[in-house]
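Scroll down for the structure; my scribbles are underneath it.
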Amino acid sequence: GEEDEHWYAKWLADAFVRGARSVLAAGESKMRGIIMTGRRTGGLALMLLQGMFIHSNLKDAAGKSLSLGTSSVTAHYWLKDAGVTGELLPPLGGTHAHELSMVSSAVFAELDNKAGVPLSQIISHMLYFLHSRPQGDVRDASRKVLMPILPDTLGSKAFFRTAQHLKIPLGPHKGDPILSVVGAARQDSGSLEAFASLARSFGFAGSLMASEVEVPSNLMDASALGYNTFGAGGFFGDSEKAWSKEGSNISMAIKVLVVHVDGQRTAVDPVKTGDPTAGGEGKFEADGLMSSERLEALKARTKLMQEAEAKLSVEEMQSLFETAFA
């Protein structure tokens, strides 16, 4: 085959053209968007180029910027260190990934067992709220954009069923409902319509973010359903599927499979299921090397967590929840 210096240059040119077409399509949706790039992206060169190009060109018909920046810390700081400034420098933004919730589900498994619901999913989001960009304070309404949720690790319904009963454990928002500090709920699996309906049914009044964007119609559908932000990665260049029915999107993100605490493997392993498709089917992503007995036990436990039938009263659940932050 060709040397990397030859085939990659050709691929990069094609990817950049696809990315440029996607920027035009995204602008037509009128939603504000973020580049979710990094582990799936075809090389650092594309990360840097698409970051500058998208941030400076993603605009609505009136010329107003629709770019929320990039999720890539690497891209932002490489460009900044190289002297890139102004509208060519995409700011950092985004949400945490599923890995935070997956690791939390292993570390805090005993709390989940006691509660009968996936408390760990809410714990992971509270850790993000308290210790990441929000710094536990969104009293200024403009800061709510810093606190998104990614609820579909074990299914969004289980997340919302659990979160609706819990309150912020500490800080200036202590005692406030969990969902009251959330700026946006991110849809990353299942259907756009089903996710929007589910979130609203639990009283969530914040923004909706679409992040399962593969083709332009996904953006238009999301906009029509009331979503006002989106996150996309492969759509901005890597994926041939974005602009060709015969194309494919071969990217794959590696998930957390095993967690060790103090040198010992946790009793419960991480799982990701996502939300079910229109046909009612969901995924089950876990360590494929575990024993069949351990796998069957994990599947049975995951089903219980997805059902989210609480074993405790609301008061008892809140007390148990707070032990994670003691």
### Query
Got a sec? Which of Gly93, Gly136, Gly155, Gly171 is at pLDDT below 95 and of a type outside the set (Val, Ile, Thr)?
Gly93
### Query
Of the residues Leu208, Leu257, Leu198, which single one is assigned to a strand (DSSP E or B) and either touching a residue at least 40 places away in the same chain (Cβ under 8 Å) or under 23 Å from the mean Cα position of the chain (by Cα) (or both)?
Leu208
### Message
Among the numbered criteria (1) open to solvent by 40 Å² or more (accessible area, probe 1.4 Å); (2) under 16 Å from Thr323 (Cβ atoms); (3) out of contact with any strand residue (DSSP E or B) (no Cβ under 9 Å at 6 or more places or on another chain); (4) assigned to a loop (DSSP other than H, G, I, E, B), which one does Pro172 miss?
### Response
(2)
## Note on the structure
Within the stretch 53-63, residues being in a helix (DSSP H, G or I) and open to solvent by 20 Å² or more (accessible area, probe 1.4 Å) number 3
### Query
When both residues are 6+ apart or on different chains and their Cβ atoms are under 8 Å apart, which pairs have a first residue that lies in the stretch 314-325 and is at negative phi, and a second that is assigned to a helix (DSSP H, G or I) and open to solvent by 40 Å² or more (accessible area, probe 1.4 Å)?
Leu320/Lys114
### Query
So His125 clears everything in (1) buried (at least 24 other Cβ atoms within 10 Å of the Cβ); (2) farther than 13 Å from Pro169 by Cβ except one condition, right? Which one?
(2)
### Query
What number goes with the only condition from (1) free of Cβ contacts under 8 Å to residues at least 40 places away in the same chain; (2) in a helix (DSSP H, G or I) that Lys144 does not pass?
(1)
## Note on the structure
Every listed condition ((1) part of a loop (DSSP other than H, G, I, E, B); (2) hydroxyl-bearing (Ser, Thr, Tyr); (3) under 26 Å from Asp287 (Cβ atoms)) holds for Thr37 save (3)
### Query
Got a sec? Which of Ser201, Ser189, Ser197 is of a type in the set (Ser, Thr, Tyr), open to solvent by less than 50 Å² (accessible area, probe 1.4 Å) and out of contact with any Leu (no Cβ under 8 Å at 6 or more places or on another chain)?
Ser189
## Note on the structure
Across (1) farther than 30 Å from Leu48 by Cα; (2) of a type outside the set (Asp, Glu); (3) surrounded by fewer than 11 Cβ atoms within 10 Å (Cβ to Cβ), Ile254 clears everything bar (1)
#### Entry: Boolean, Glu214 is modelled with pLDDT under 95 and either in contact with a strand residue (DSSP E or B) (Cβ under 6 Å, 6 or more places away or on another chain) or closer than 30 Å to Asp60 by Cα (or both)
yes
### Message
Consider the stretch 24-52. How many of its residues are of a type in the set (A, V, I, L, M), open to solvent by 20 Å² or more (accessible area, probe 1.4 Å) and touching a strand residue (DSSP E or B) at 6+ places or on another chain (Cβ under 7 Å)?
### Response
1
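The values are calculated or read from the model by the stated rules, or taken from the named source; none is laboratory data. Just so it is clear, the structure is predicted and the values come from calculations on it, not from any experiment. Note that we place each Cβ from the backbone using ideal geometry, even for glycine, and neighbour counts take in every protein chain shown. Accessible surface areas use protein heavy atoms only, side chains included; no ligands, DNA or RNA. Shrake-Rupley method; radii C 1.70, N 1.55, O 1.52, S 1.80 Å.
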